[in-house]
Structure formats: structure tokens, C-alpha cells
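The values are calculated or read from the model by the stated rules, or taken from the named source; none is laboratory data. Quick caveat: nothing in here was measured; it's all calculated off a predicted structure. Surface areas here come from the heavy atoms of the whole protein model, side chains and all, with no ligands, DNA or RNA. Shrake-Rupley method; radii C 1.70, N 1.55, O 1.52, S 1.80 Å.
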Amino acid sequence: MSAINPVNTTPFEPQVSTASTANPLSSVTTLPDVHDQVELSLAGRIALGVSSGRLTTDQAQQLTAQLKTIDQSVQSGDTNVAQSLHQLSEQIYGDGHNGAAIPTGTTVTHAVARDFEQAGRIVTQEGAGNLTSAQASQLFAQMKQISVMSQNGASAATINQAQNELSVQIYDTAHNITPGT
């Protein structure tokens, strides 16, 4: 029996509450960099789901395999993967929430969407061998600290600055760059 719940085939496009009304998924079929961004976000959601205990290791492995299949389709030139990305997004949510469907009208703040992408960057760099497991764990711990700051009422500017610093640290660590050199 599969640990993955069945999905609804209706496309889901999470709303991101920002100053812009543009939907980052609306042009998924025409911009490869958006594919990368969405894939990073999905990888990050899987990693954060495991970290929070909402996803089992088996579920994460199955979801990651699905994500790799979609990535291979993109790499082979398939530009018609938006539906697969939407279904995987629903699958991640459903598996992490006991089979529940994504609630309608759900919005994701810019900070949360950025957390997903940064978690995806960490997982991707660790998978590529550019980060050790200890380095990845340390970066995830920093993500958690930023999340706690946000929950404790830190300003958006403070959260943004902390996320910017973490983003640079992810890059520097993955590329073996020592700050100040």
C-alpha cells in the first residue's frame, strides 16, 4: 500500500501575498527559472515536512522521487509539467495533513514562500554533495530561529534581513567561500 494519498487533479496555485498581484506559477510553462523556483520550493516543503514530523521518511522518499521525475521531464525539454507540479504540491500538503485537501483561499506570505525555497536550496546542495549533513542541519537550525523570530513579532524588515543573511550563508557554505576573503 502506498503511503501517498490520491490527489485531486484540479490545479492548485498557491496565492502569495505580496505587493505584486503576479502569480509566480502562472507562467510555469514558459520560464525555466520558474520551474527551478517551484521545484526548490517543493523540495523545501518536503524537507520541512520531515523536519516537523508531518511527513515520514518513506513519504519524503516517494515525494522526492516524484519531484525527480518531474525534473527529468523538464530537463528533457517538456514544458508541460505545470499540472504535475500542482499535483505534487497537493500531494505534499495531503501527506503532511492526514490526507486533507489544501484549503481554498489559502495564502502564503512572501517570508514563508522564501523559507520553502531556502530549504529547497539546502536540500539540493546537500544532495549534490556541496553541503555536509552537519552544515545542512546548522542551516536548518538558523531557518528555525528566523521562524521563531517571526512568530515572536519581529518586523518584516528584520525577518527579511535575517533571510538575506541566511541566503548568503547557504551560498557561501555550499561554494566553500569564507566570508571576508
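Please give the per residue accessible area of segment 78-181, computed with a probe of 1.4 Å over protein heavy atoms only, in Å².
Using a 1.4 Å probe on heavy atoms only, each residue of segment 78-181 averages 55 Å².
With an 8 Å cut-off on Cα pairs and a minimum separation of 6 or more residues, tell me the relative contact order of segment 58-181 in percent.
17 percent
For a test of the definition: using alpha carbon positions, the gyration tensor, and the 1.5 limit on a/c, classify segment 54-181 as rounded, prolate or oblate.
oblate
Roughly how many Å is it from the Cα centre of segment 103-158 to that of segment 58-80, as a whole number?
22 Å
Take the solvent-accessible surface of the protein heavy atoms, probe 1.4 Å, and return the percent of it on segment 95-181 that carbon and sulfur atoms account for.
53 percent
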